[in-house]
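*Asks:* Just dropping this structure here.
The values are calculated or read from the model by the stated rules, or taken from the named source; none is laboratory data. Values in this document were obtained by computation on a predicted structure and should not be read as measured data. Note: ideal-geometry Cβ built from the backbone for every residue, glycine included; neighbour counts use all protein chains shown. We work out accessible area using only protein heavy atoms, side chains counted, and drop any ligands, DNA or RNA first. Shrake-Rupley method; radii C 1.70, N 1.55, O 1.52, S 1.80 Å.
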Amino acid sequence: MYISSLTLKNFRNYSEETISFENGINILTGANAQGKTNAGEAIFYLCTGYSPRANKDKLVIKTGKEKGSVEGVAKSSYGDVSVKIEFNKNDKKNIYVNGMQVLRVGELLGNMHSVFFNPSELKLVQESPEDRRRFLNISLSQMSKNYFYALARYNKILAQRNELLKNPEKKIIKETLPVWDRSLCSEAAKIIKQRNAFLEELSPVAKEKHSVLSGGKEDLTMNTESGYYGDESEISYAMYEDLKTSLEKDMRLGFTTIGPHRDDIKFALNGMDARIYGSQGQQRTIALSLKLAETEIFNTRFGEYPILILDDVLSELDKYRQRKLISEVEKMQTIFTATGFDRTVFKNRTVNRIIIENGKVKR
């Protein structure tokens, strides 16, 4: 899959502009704060309905404007697909796929696939479990609408359960909770089963990608902390029993302490905790290896690679890792952003170079 055109209206610093892309390597160049990252963000937004850099749609609207839109055309082995998203200051959006309006974000997912990496992805290794769960949720939601809807239902039930746990009447909690718990465990089992399968597939590929990028000097291992395995019925039963055991603790704390909303992933390099002992360069390579592995899972499941967006990644890598990275990504459409264009890094490769200046393509 690759995106052939992207049209931005009042998106970030863009007034109105269309950017054309080629299948293969594309590089958006220009000085800082010109709109390179904004273009990559817009592509990911078209694929997921979600901005990786803003938690509200209104934050991506050009200053002084009331509304905006993003539109893109992608080509794949299954045919062309066009997606358009209109958004406004009220955080309402209209989504169109091939000209037909869809009413839920879930119906957008799966039409265009992308993987996004920028320097903030270091959070995957450095920061809280929430960042690692977000990685799982975004990736799996693109791959499976069932996962997306199960996650939405789980979060809704979880919020209701947590609200009930705060009730001062303990008798009411104990009488009402089993109903919520059965529903919670049913949705949790769907989430956990898909996460387990995804991580089982992802782990060896990430290990291989990291070995390539590090020249074989570092061994990456991943350890998941779900604690639940088997089919959906087995997972649901085990979690339901654990919820009964943790009831007193949950009532005391006022929130649910067990479930996929508590999952985490631990990374180790050569047996050492990467969060504690890994350098920033090593942590960046782990995050990049995960993203490269993610593209391979997309290819395995759908028979084609997603659009890979690599924002300001080259400046953070030495020459060896730059060249290894480019060798890894030239088989798919990759959109780099960079302040400059180093011809030696892309030697003997066809590159579509696009210069961005103040929210415009410099022609």
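*Asks:* Anything in the range 234-272 that is open to solvent by less than 80 Å² (accessible area, probe 1.4 Å), of a type outside the set (A, V, I, L, M) and in a helix (DSSP H, G or I)? List them, or say none.
*Replies:* Listed by number, the residues that qualify are SER236, TYR240, GLU241, ASP242, ASP250, PRO260, HIS261.
*Asks:* Only residues in the range 137-162 that are farther than 23 Å from HIS113 by Cβ count as the first member; pair them with residues that are open to solvent by 20 Å² or more (accessible area, probe 1.4 Å) and at pLDDT below 95, Cβ under 7 angstrom, at least 6 apart or cross-chain, and list the lot.
*Replies:* Partner pairs satisfying both residue conditions: ILE157/TRP180; GLN160/TRP180; ARG161/TRP180.
*Asks:* Sort out for me the helices (runs of 4 or more DSSP H) sitting completely within the range 92-175 that have 2 or more residues that are small (Gly, Ala, Ser) and open to solvent by 10 Å² or more (accessible area, probe 1.4 Å).
*Replies:* By residue number, 145-165.
*Asks:* Could you list, in sequence order, the residues of the range 209-233 that are part of a helix (DSSP H, G or I) and either free of Cβ contacts under 8 Å to residues at least 40 places away in the same chain or β-branched (Val, Ile, Thr) (or both)?
*Replies:* Result: SER211, VAL212.
*Asks:* Against the condition more than 17 Å from ASN23 (Cβ to Cβ) and touching a Leu at 6+ places or on another chain (Cβ under 8 Å), how does VAL60 come out, does it pass? Walk me through it before giving the result.
*Replies:* Working: more than 17 Å from ASN23 (Cβ to Cβ): yes; touching a Leu at 6+ places or on another chain (Cβ under 8 Å): no.
No; evaluated as a whole, the condition is false for this residue.
*Asks:* Looking only at residues in the range 283-329 that are farther than 21 Å from LEU202 by Cβ and of a type in the set (A, V, I, L, M), which one is surrounded by the most Cβ atoms within 10 Å (Cβ to Cβ)?
*Replies:* Filtering first and then ranking leaves LEU314.
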